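To keep things clear, I will list the structure first and then write my remarks on it.
The values are calculated or read from the model by the stated rules, or taken from the named source; none is laboratory data. Worth saying up front: this structure is predicted, and the values here are computed from it rather than measured. Heads up, the Cβs are rebuilt from the backbone with ideal geometry, glycines too, and the neighbour counts pull from every protein chain shown.
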Amino acid sequence: MPARPEAAAPVTARAALFDLDGTLIDSEPRSRALWRRLFAGHGVECGEDMLAGFSGRRSREVIEEHLVRFGGDVTSDQVREELAALNGDPDLPPVRLAPGADRLLERLRRDGVALAVVTSGGRAYAHDHLTRCGIAGHFATVVSAEDVTHGKPDPEGYLLACRRLGVAPGEAVVFEDSVAGLRAGRRAGARCLAVGQAARTPALRRLADHAVEHLAQAPVTGPAGPTVGGAAG
C-alpha cells in the first residue's frame, strides 16, 4: 500500500492577505460571462485563451490592453462604464462564497492573524460581495483597484495592505488563484499559497510556497504573541 503524502508544515503568519475573485468568492463563471457579453456587444469573440489573460488583473488595465478591439472612437472610460452597467444584468451567474472560506477566516482570527483583502476589483464591488457573502466583518482593511497606481502582478497592493496592518511582508501569507496575483505576492516578499483550481495547475504551483484546493486545508497558523490589529479601510 503506498504511503500517504505528508501534510505541509504549518506556516506561521502575523497577517493573511486574500485575493477576492476566485479565492474568497466563486465569481469566475460570472466574470467570464460578463467579459464575453462586453466583447460580444462590439462584435468581438472572447475565447478561453483571452479570458485566461484577464485573471487577477484590474478591469482598467485589461480594457486598455484590448481597447483597439472596440473601435477607434471608444474610450477606456466608456468601456468601463459599459462593463459596470452589464454587471447589473440579472441573468449573470451568481457569486458564492468559496468552500471553506468562512471556517478559515474564523480560525485565523481566533489565532490572532490580521486579515486583509487585496483585490483588482473596485471598492464598491469588493464591499458589496464581501457583505453579501457574510464575511466583510473579518477584514481589518480592503485594498481595491482605486487604492493603487499599478495593479497585479505589481506588488503595490500587497505592500499597501502590509503597511495598513503594520506587518512586514515577510510576516504575511498571500492567498491567490492567478499567475498575476501570485507574482504580486512574491514580488512583495510575502509567502504565497495557491488555492482552488490554481492548486492543480503546475505553472501556478511553481509560483507558490504551498497549494491547497480547499481553503479550510490551508496550513497557516497565527503568531505566538498577541493579536495583531490593523486600521480599518
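Does Ser120 count as assigned to a loop (DSSP other than H, G, I, E, B), among the polar types (S, T, N, Q), on the phi < 0 side of the Ramachandran plot and surrounded by 15 or more Cβ atoms within 10 Å (Cβ to Cβ)?
Against the criterion (assigned to a loop (DSSP other than H, G, I, E, B), among the polar types (S, T, N, Q), on the phi < 0 side of the Ramachandran plot and surrounded by 15 or more Cβ atoms within 10 Å (Cβ to Cβ)), Ser120 qualifies.
Look at Leu92 and say whether it is farther than 25 Å from Pro153 by Cα, in contact (Cβ under 8 Å) with a residue 40 or more places away in the chain and surrounded by 13 or more Cβ atoms within 10 Å (Cβ to Cβ).
Criteria met by Leu92.
Condition first: touching a residue at least 12 places away in the same chain (Cβ under 8 Å), loosely packed, with under 15 Cβ neighbours inside 10 Å and outside any helix (DSSP H, G or I). Can you find one or more residues in region 14-28 that meet it?
Within region 14-28, not a single residue is touching a residue at least 12 places away in the same chain (Cβ under 8 Å), loosely packed, with under 15 Cβ neighbours inside 10 Å and outside any helix (DSSP H, G or I).
Assuming Thr201 fulfils every condition listed in (1) within 22 Å of Asp102 (Cβ to Cβ); (2) of a type in the set (Ser, Thr, Tyr); (3) at pLDDT below 95 apart from one, which condition is it?
That leaves (1) as the condition not met.
At pLDDT 95 or above and assigned to a strand (DSSP E or B) - does that describe any residue in region 132-141?
Yes, region 132-141 has at least one match.
Yes/no per residue for (1) surrounded by fewer than 19 Cβ atoms within 10 Å (Cβ to Cβ); (2) touching a Cys at 6+ places or on another chain (Cβ under 9 Å); (3) of a type outside the set (A, V, I, L, M); (4) over 14 Å from Phe18 (Cβ atoms):
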residue	(1), (2), (3), (4)
Gly134	yes, no, yes, yes
Gly157	no, no, yes, no
Cys162	no, no, yes, no
Glu171	no, yes, yes, yes
Ser178	no, no, yes, no
Cys192	no, no, yes, no
Arg205	yes, no, yes, yes
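Residue under question is Ala216, and the condition is that it be in contact with a Pro (Cβ under 8 Å, 6 or more places away or on another chain), farther than 21 Å from Arg58 by Cα, of a type outside the set (D, E, K, R) and outside any loop (DSSP other than H, G, I, E, B); does it hold?
Spelling it out, Ala216 is indeed in contact with a Pro (Cβ under 8 Å, 6 or more places away or on another chain), farther than 21 Å from Arg58 by Cα, of a type outside the set (D, E, K, R) and outside any loop (DSSP other than H, G, I, E, B).
From the list Arg107, Arg57, Arg36, Arg69, which residue is closer than 22 Å to Ala180 by Cα and assigned to a helix (DSSP H, G or I)?
On inspection, the qualifying residue turns out to be Arg36.
Among the residues of region 101-140, write down those that are of a type in the set (Val, Ile, Thr) and farther than 26 Å from Glu81 by Cα.
Passing the criteria: Val113, Ile135.
Hey, can you tell me all the residues within region 42-74 that are loosely packed, with under 12 Cβ neighbours inside 10 Å and either within 23 Å of the chain's Cα centre (by Cα) or not aliphatic (A, V, I, L, M) (or both)?
Result: Gly43, Glu45, Gly47, Glu48, Asp49, Ala52, Gly71, Gly72, Asp73.
For residues in region 1-13 being modelled with pLDDT of 80 or more and assigned to a loop (DSSP other than H, G, I, E, B), which is surrounded by the fewest Cβ atoms within 10 Å (Cβ to Cβ)?
By that ranking, first place goes to Pro10.
Given Leu67, Leu51, Leu38, Leu34, which one is over 29 Å from Ala188 (Cα atoms), in the same structural domain as Asp77 (by TED's automatic domain parsing) and at pLDDT below 80?
On inspection, the qualifying residue turns out to be Leu34.
Which one of these does Phe18 not meet: (1) aromatic (Phe, Trp, Tyr); (2) modelled with pLDDT under 80; (3) within 15 Å of the chain's Cα centre (by Cα)?
(2)
I need the full set of residues from region 142-153 which are of a type in the set (A, V, I, L, M) and at pLDDT 95 or above, in order please.
Val142, Val143, Val148
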